[in-house]
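So the structure is just underneath, and the comments pick up after that.
The values are calculated or read from the model by the stated rules, or taken from the named source; none is laboratory data. As the structure is a computational prediction, the values presented were derived from the model and not from experiment. Note that we place each Cβ from the backbone using ideal geometry, even for glycine, and neighbour counts take in every protein chain shown. The protein model used for the area step is the full one, side chains on, heavy atoms only, and it has no ligands, DNA or RNA in it. Shrake-Rupley method; radii C 1.70, N 1.55, O 1.52, S 1.80 Å.
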Amino acid sequence: MKRKSSARRRKKCRLVDLVENHGPVHRVLQEHMGMTADDIPPVERQKSRSAMYKLVTAAAYSIINYCANDVSYSKCEGCLLDEPAQLAHECLTWPSAFYEENLKHVCCNLNMGPVLYVITAVGISMNIFSMNQNHIVALANLVEDIRSAPKPCEHLRATFQKCHEPYVKLVEKFLHNTFQNRMSLTTFL
């Protein structure tokens, strides 16, 4: 019995030691994610709540866009085989309705747990994390608005126009560095 409690204590101490030895949690997370302070846009402390809304929008856009592209990619034999000839890529001739349906499929099946994980990790690394129920509702509404739009692709583009571009780049860098090309549709769908 003593061994288990001392092992637990050691695990807790390691986390505490990590933070104590490397500084504030947001810096430790930045380092873990392969980000530098230059990657993180500066945010005034008073504006952290509005920055979180921007981050929620940027994360939703980045993840939905990634998943929709991956769904389309997985249905094209030329993409799957990495064919150099454009004629081998049937995806180039698919109608826009095909992409609209893929986007609706992604929005209907999006698993919010991993999306919230991404928002939380990036928010902490930016030292702006202040998520509350309103942020989660805004995320759900954004996904539902894209899904129910008559032209989801246009709505996703309009969402991108609302995004703060440095936040989109930060989320995409987080996704790339964290999942190290192991990210698949099963992560989010």
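How far apart, in nanometres, would the label points at Lys151 and Leu80 be if each is projected 7 angstrom from Cα along the Cα-to-Cβ direction?
3.1
Given R₀ = 25 Å, what would the calculated FRET efficiency be for His164 paired with Asn69, taking r from the Cβ atoms and rounding to 0.05?
Values: r = 21 Å, r/R0 = 0.85.
Computed FRET efficiency for His164 and Asn69 comes out at 0.75.
Carbon and sulfur atoms: what percent of the 1.4 Å accessible area of segment 119-189 do they account for?
Numbers: 1920 of 3790 Å².
Heavy-atom surface of segment 119-189 belonging to carbon and sulfur, 1.4 Å probe: 51 percent.
Quick one: divide the alpha-carbon radius of gyration of segment 86-143 by 2.2 N^0.38 Å and tell me what you get.
Working: Rg = 16.7 Å, N = 58, 2.2 N^0.38 = 10.3 Å.
Compactness ratio reported: 1.62.
Can you give the extra length, in nm with one decimal, that the chain gains between Leu116 and Asn134 once fully stretched, where that is 0.36 nm per residue apart less the Cα-Cα distance? Show your work: numbers first, answer last.
On the way: separation 18, 0.36 × 18 = 6.48 nm, distance 1.30 nm.
Stretched fully, the Leu116-Asn134 segment lengthens by 5.2 nm.
Net charge near Ile119, counting Lys/Arg +1 and Asp/Glu -1 over other residues with Cβ under 14 Å of its Cβ?
Working: positive: Arg49, Lys54; negative: Glu172.
Its environment carries a net charge of +1.
How big is the accessible area of Tyr73 in square angstrom, nearest 10, if you roll a 1.4 angstrom probe over the protein chains?
Result for Tyr73: roughly 100 Å² accessible.
Report the accessible area of Asp82, computed with a 1.4 Å probe over the heavy atoms of all protein chains in place, in Å² rounded to the nearest 10.
120
For segment 26-140, report the accessible area per residue in Å² (1.4 Å probe, heavy atoms, rounded to an integer). Working shown, then result.
On the way: 6160 Å² over 115 residues.
Using a 1.4 Å probe on heavy atoms only, each residue of segment 26-140 averages 54 Å².
Within the set of other residues whose C-beta is less than 13 Å from the C-beta of Lys173, count the net charge using Lys and Arg as +1 and Asp and Glu as -1. Each step should come with its number before you reach the end.
Numbers: positive: Lys169; negative: Asp38, Asp39, Glu165, Glu172.
Net charge around Lys173: -3.
Quote the convex hull volume per residue of segment 58-113, based on C-alpha atoms, as a whole number of Å³.
87
Bin by bin, in steps of 10 Å, what percent of the Cα pairs in segment 46-189 do you find, going until the bin that has the longest distance?
It works out to 11, 40, 34, 12, 3, 0, in whole percents.
Accessible area of segment 56-106 with a 1.4 Å probe: how many percent of it is carbon plus sulfur?
55
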